[in-house]
Every structure is written in structure tokens, then in C-alpha cells.
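Please treat every number below as a calculation from the coordinates, not as lab data. Worth saying up front: this structure is predicted, and the values here are computed from it rather than measured. Note: ideal-geometry Cβ built from the backbone for every residue, glycine included; neighbour counts use all protein chains shown.
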Amino acid sequence: MCCAKTLFERFFQVHLCEAPGAFVTALNHFLKIHHPKSNFNWCAMTLNPYYKGNLFDGAVLDDRLIVETLDHWEFGEDLTGNIKNKRNVDRLVARCRKMGKISLVTADGSVDCTDNPNDQENKVHHLHLSEVVAALQVLQFGGTFVLKMFTFFELTTVSLLYFLVNVFDKVDIFKPATSKQGNSEVYVICNGYQRVYKNVSYVLEMANRMSHSETPMFDLNIIPSDFIQEVNCSTHAQPPV
């Protein structure tokens, strides 16, 4: 109990691709009930609903939370809020350094795949990669990262999971009871950020340079077969090709 009390006395968090704000409101609810004296400070980044260029590019237009908490939202250097833009992420990182040590980062991003739902995994890969790159630049050692993902059929996705396993003490995949059974969303919960993987700096640099490429972070022969089997068992997938 003492450790938990100390943790929540100063609890700083960052939420990526957050609109309309479910993670913020849920965590606020939890802290107000269980840790009412906590110093709850947060920053969120999402596609800017007030930037006209985003209106037809996936921005969530529900701004009921944003308009009431505008000072907590970061839209980056170009005001789009696009996390795929490195300069926008750099601005977020600079802001987070002024906040303090970030204990938790959540990433709730997706893209509209209604035109081709069978290709959802490939279409969201670059966004997931961008979320990981941003998260690992602001998260404190020992911190927690929660990433919404979908299926794990492609080597690009398996590579990203393997990378996370190498930089966190523990990685779990969880399907919340409140998540619709008819969709494939799951949450990858990464605890204990250590940044111990020997090539982490190179991988982050490489990821920052990637655009919309579907190139995996690792070749298939680098990833241990037992890890691939474990991923396959969790998704009933065939080995990536």
C-alpha cells in the first residue's frame, strides 16, 4: 500500500491518439475514487479537430472533452496533431520533459478501414509504429505503456511485439470485457520499461525514418521460433511470411 500511495501522489501520464478522451476520463475516474489526493497531471496528443485539413483524414470530431481541457492537449509544431510527423513528436517530447517523469503512456489510435477491412493490420502498422516511437521517448524507466492493436498475422506486427518484449519486463495481451466481441481490438499492456534491447536507439531512429512502408522491423530468422509460436497460439494465426 505504501508503494501504491507514493506512486499516485505524483502521477503524470501521456495519451496518444486520444480523442475523444476515453483513457483520460476512465483514469480520472479511477484516481478520484481510489486516490483522491493524487497529483493527476496529463497531456494528450490527437488529430486536431479544429484543423480543417484533418476533417476528412480520420480526426475525431467529438470535442466535448478537448474544448474543456484544451491546455492539456498537444497538436504539434504544425497544429495537425499528426503523430506520424517527427517534428510533432519532438514537440511532445519537449513538453513532457517539463511535466516530470511520465509513469503511463496509452495509445488508442486506429484508421478507418471500412473500405478494406481485410487489410486493417497493414493499414494501421505505421500508426502503431509511430505510437511506439513517441511513447518510448517520453516514458520513464519502469513505466507502463498500453497500446491498442488488432490482429497479429503479419510479420510487421509480430516484429513490433517482439521489440516491445525486449524493452519491457512484461508484456500481456488483454481483451477488455467492454470491448465489442465483434471487433479484433486488443490491448497490449507493457509493464516495466527498461530500454535494455541493445539496438533500441537504432530501431527508434529507423522507425522515425519510415513512412508508410510495410517493411518489418526484424527479419523472420531473427525472431525466436518459440515467440512466433506463442503469438500464433494467441491469435490462431499461421506463421508470418
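Brief remarks follow.
- Computed on region 94-186, with alpha-carbon pairs under 8 angstrom and 6+ residues apart, the relative contact order is 31 percent.
- When only the Cβ of Lys, Arg, Asp and Glu is charged (+1, +1, -1, -1), the dipole of region 1-158 relative to its Cα centre reaches about 860 debye.
- Backbone HN-Hα couplings from phi across region 64-69 [Karplus 6.51/-1.76/1.60, Hz, Gly and Pro as x]: 4, 7, 4, 5, 8, 9
- Taken about its Cα centre, region 52-142 carries a charge dipole of roughly 580 debye when the Cβ of each Lys and Arg holds +1 and the Cβ of each Asp and Glu holds -1.
- Unsatisfied cross-links (Cα-Cα over 20 Å) in the set K84/K123; K148/K175; K37/K101; K84/K170: K84/K170
- In sequence order, region 27-40 has phi-based couplings of 5, 4, 4, 4, 5, 5, 7, 9, 9, x, 9, 5, 8, 9 Hz under the Karplus curve 6.51 cos²θ - 1.76 cosθ + 1.60, θ = phi - 60°, and Gly or Pro positions carry x.
- Amide H contacts under 5 Å for I102: Q140, restricted to partners 5 or more places along the chain or on a different chain, H placed in the peptide plane at 1.01 Å from N.
- Qualifying chymotrypsin sites (Phe, Trp or Tyr not before Pro) in region 46-125, DSSP loop, other Cβ atoms within 10 Å at most 14: F56
- Built amide H within the under 5 Å cut-off of W73, gap 5+: A44
- Kirkwood Rh (inverse of mean 1/r, distinct Cα pairs), region 1-154, angstrom: 16.2 Å
- 3J(HN,Hα) along region 223-230, derived from phi through the Karplus expression 6.51 cos²θ - 1.76 cosθ + 1.60 where θ = phi - 60°, amounts to 7, x, 5, 5, 5, 4, 5, 5 Hz, with x in place of Gly and Pro.
- Positive-end residue of N54, I83, V124, charge dipole of region 51-138 with Cβ unit charges: I83
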